[in-house]
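Everything below concerns the one structure shown next.
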Amino acid sequence: MGASQTRAEHQYQDLADKTGFSFEQIKNLYQRFQQLSGNEETISRANLDSIPALANNPIRKQIIGAFFDKRNQHQDEVGSCDQIGFEQFLMVMSHFRPPNLRTTDEEKEAMRKEKLRFLFNMHDSDNDGTITLAEYRKVVEELMSKSGEIGQETAKAIADAAMLEVASINVPNMGPEEFYEGITFEHFEEILKGLEMESRMHIRFLDVDTSTMRCGKSQS
Amino acid sequence: MPARRDSHSPSGKSLPERGLLLLIVLVLLQGSVLPLGAASSPDTTHNDYVDNPQEKEENYTKKAFPVLTLNYQYIQAPFEISLWILLASLMKLGFHMIPRLSSIVPESCLLITVGLLVGGLIKLAGEDVPPVLDSRLFFLCLLPPIILDAGYFLPIRPFMENLGTILMFAVVGTLWNAFFIGGLLYAVCQIQPANPSILHKIELLPCLLFGSIISAVDPVAVLAVFEEIHINELLHILVFGESLLNDAVTVVLYHLFEEYTRAGTVTVLDCFLGIISFLVVSIGGVLVGVIYGLLAAFTSRFTSHVRVIEPLFVFVYAYMAYLSAEVFHLSGIMALIACGATMRPYVEANISHKSHTTVKYFLKMWSSVSETLIFIFLGVATVDGPHHWNWTFVTVTVLLCLVSRVIGVVGLTYVINKFRIVKLTTKDQFIIAYGGLRGAIAFSLGFLLKKNLFPMREMFLTAIITVVFFTVFVQGMTIQPLVELLAVKKKQEAKRTINEEIHTQFLDHLLTGIEDICGHYGHHHWKDKLNRFNKKYVKKCLIAGERSKEPQLIAFYHKMEFKQAIEMVESGGGFKLPSAMPSTVSMQNIQPKKPPPAKPAEKAPSQLTKGREEEIRKILRSNLQRTRLRLRSYNRHTLVADPFEDGFDDLLIKKQKMIELEKKIKDMNNYLTVPAAPPDSPTMCRARLSSDPQSYRAKPESDSVPTFQVDLASPQSPDSVNVMDEFRRAGQQRGGERREEDQGLMMRPHKTGEGADGKDPQKLTRCLSDPGPGADEEEEDQPFLA
């Protein structure tokens, strides 16, 4: 078992360096990956779609889309793919790691930027670097999509008001003729700086091997 | 008189005024000292009444008719109570008139000092100090308002997020404190070397009991002090949550040790039963609270016709929850918190805005008065209470309290930080430890001790009072400068923005989704499940009418609009944007410059000829004339600055009516017959008849330039609900099902020209919304609030 063990470890070492997960966590996620893909090498959208628990999620499509979005792979590519391998899966998951006690302030800042970038990419579907009004409306509509009719009508108003707010915070002295193109990444950061993304946007990744995939004792 | 001239000084708080105030207070005190001290026993009064009739029968001599008589006993009790409350409130006023005092010394200290003074005065007058901090009065009348206020306005999200930490501190921390203090105190008491002092007589169990009384952090004191230092939300909720939740532990420990003091020993079985009791007390208390909370929510669903008593339900149900929990010796505080927190989301969706304001202000008022009274009474009771000062005991107690708190916090934080994401830093730990104030609850519990079981009761009381004074004065006064010194993060004053709200929700769903993909059921999964359960079943039962389906984001949005409306109104209308957004950005800047490409054929108005437009306009005008008149009669100079009048609800009704009307117009773009409003229902009549001098803002059309919007989907009164139903029904009859953009009413400021394509539909829709006497009048009416 020695040889294969080291090979796996090598792989994991590579992945661990890139994504920051521990070996335990990578192993667990690999198991989940296998489960989702039906023991294939890659997963497609259909695999993710078939997760029953996701059915109730109003932003399901965006979440699944984020996995296949090349921008989240940190390799300066754009576009989307149809199948992703384990490494890409891990890369996307790595956006949700929490900071720990040893994370320095700069690292926290970098983490925050990364997470905000992830969110930004989710909103900016046409990848032009800004979230336009139409895109933002779509976001709010999707959020409301499970709420029936009441939601749809007001979603537009809400999106408009939110956009207005972004504009007035970031570019307060716009003349009446100017046009606010859309939310850029800097503006996005500005309006969400109160939310402390680095601590909020995380999930606890399991360290302990739980083959039943239930919520066991979690330490992250 | 020179004094008079002084009174016009800019500060306005000149010496004569202060002197006058002081004089009033002294007079009141003197006046109160005599009756308060007099405390004529009810027996003698009764005897008087009994004797008098007999006297009258025996020798009735006719006296002159008494023009003025004095009968103090008749009103004595309410009079004294009112006098105390008045005194407390005047004191509060007085403190704020002295400029620098309130920033140096926290109010609680000042109030205790006043209490000491009053108690001293009464003693000097030679009267008996009334037993003001009587435990029944305290626990049944003074404490509940404060706790209810805290529970009703508890910020649920941070509380739940930190629940594990809070519980650790509350349960484990208090247990640790109790045993550490009690045990060490006993040890210290035993070690008196040569001269056998009374300390030797204290046994272990009373010590432990004493420890459990003194170890609990007091919510009243914490509230009083922390409110003034504006510390960041996390620390505030940690200390405050701990002070609330440790009540269960205190209750159990207190009863456990009290029970067994007589027996003298505590067996393992008793300990085990104690643990079970703890679970029963805490979970039982919470359950009682939740049940009453749900009852209150359910009741509020039906109060739409009797709005005036809505606040009463909130208060009475909560109080009943407290009393019911106390019946079974469950934790009344936890019951109150659970009741308040449970009923709040549903009750707020059901009750009118005025009731909401009433609830808020009554709670604040009562809790404020209660707090003031508690501190004053603490002072009075200090002067009165039988004291037995023992240097060793008292100093060791104070010392042990501090030490055990620090050790407890540090130790617990070490463990907790392994499980937390946002770790607690040393600064945080320091504040948590320093914020562990003791207060009146400890004193009242000590007061409850029976003398025969606890011969050392007086010594205990003295020690408790000393600790309370120490924490309130020393820690209370120094925590503010320490917070500044350590540069602890302060509370974020920024208002919650709608972007934050959107993204909070977005994050919730995103994280739930990621958890599902990961395959493990974490916090978000269960939270999401709870939310869905809530939305699907609970809200339907407990919230009346349409609002049961309203998603949270929309509710938030409406609240924000409402607030903006109020701000606008209060700033007197006008063209200024609310100060919160001092920018010149308006919707105009955001809308895409080009008019949207070829609209689908549903925008049939563009196909209508000018002539048809005119006809439709005329017809609409006549239909909406009356409402239009109302709008015209308003201008910003006659603005009534109170949008809370009933008229506001009518305003919403009318606006909704117009929106619906327009919708139908859109649907019927090929007919000339304008749908008539459904036959006047009583609600509509009522709506029209009442006046509506309110500010009025419309929803934006998608491409136009409204700057402010008031949305309607939150019916505040039954009328609006009925109206919507009526129109919906009427609308369905006509069969217009196309889903179109909601073209709200618009009052737009002068806007620059738009593309020619946009002109026609704009014009028509404009006139639909704003039918004026002149067809070609300027585009906009008086923009009420730009």
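Derivation of every value follows stated rules applied to the coordinates shown; laboratory data play no part. This structure is a prediction, so every number in the text was calculated from the model and none was measured. Neighbour counts are summed over all protein chains in view; Cβ atoms, including those assigned to glycine, are modelled from backbone coordinates with ideal geometry.
Annotations for the structure displayed:
- A Förster distance of 45 Å, applied to the separation of the beta-carbon atoms of B:His387 and A:Glu24, puts the FRET efficiency at 0.15.
- For A:Ile131, the residues whose modelled amide H falls within less than 5 Å of its own, excluding neighbours fewer than 5 places apart on the same chain, are A:Ile183, A:Thr184.
- Computed FRET value (nearest 0.05) for A:Glu87 with B:Met160, which takes r as the C-beta separation and R₀ as 41 Å: 0.70
- Label positions at B:Phe533 and A:Asn56, each projected 7 Å from the Cα along the C-beta direction, are separated by 1.0 nm.
- Rounded to the nearest Hz, the phi-derived 3J(HN,Hα) couplings of segment B:375-383 under the Karplus curve 6.51 cos²θ - 1.76 cosθ + 1.60 (θ = phi - 60°) are 5, 5, 5, 4, x, 4, 5, 5, 5, where x marks glycine and proline.
- Applied to segment B:88-103, the Karplus parametrisation 6.51 cos²θ - 1.76 cosθ + 1.60 on θ = phi - 60° returns per-residue 3J(HN,Hα) values of 4, 5, 5, 4, 4, 4, x, 4, 7, 7, 7, x, 8, 5, 6, 8 Hz, with x for Gly and Pro.
- Whole-angstrom gap from segment B:60-134 to segment A:63-116, using each part's C-alpha centre: 67 Å
- Extension reserve of the B:Val172-B:Ile104 stretch, reckoned as 0.36 nm per residue once the Cα distance is removed: 21.1 nm
- Efficiency of FRET between A:Glu181 and B:Lys495 - r from beta-carbon atoms, R0 35 angstrom, step 0.05: 0.85
- With a cut-off of 19 Å on the backbone N, the residues of segment A:56-98 near the modelled label site 7 Å out from B:His523 along Cα-Cβ are A:94-98.
- Among the listed pairs A:Lys156/B:Lys491; B:Lys495/B:Lys540; B:Lys427/B:Lys495; A:Lys146/B:Lys529, those beyond 23 Å (Cα-Cα): A:Lys156/B:Lys491; B:Lys495/B:Lys540; B:Lys427/B:Lys495
- Between B:Glu227 and B:Thr426, the simple spin-label model (points 7 angstrom out along Cα→Cβ) gives 3.4 nm.
- Take the Cα of B:Phe298, step 7 Å toward its Cβ, do the same at B:Leu137, and the gap between the two points is 3.8 nm.
- Each peptide in A:73-83, B:505-515, B:475-485, B:238-248 was scored by the mean count of other Cβ atoms within 10 Å over its residues; highest first, the order is B:238-248, B:505-515, B:475-485, A:73-83.
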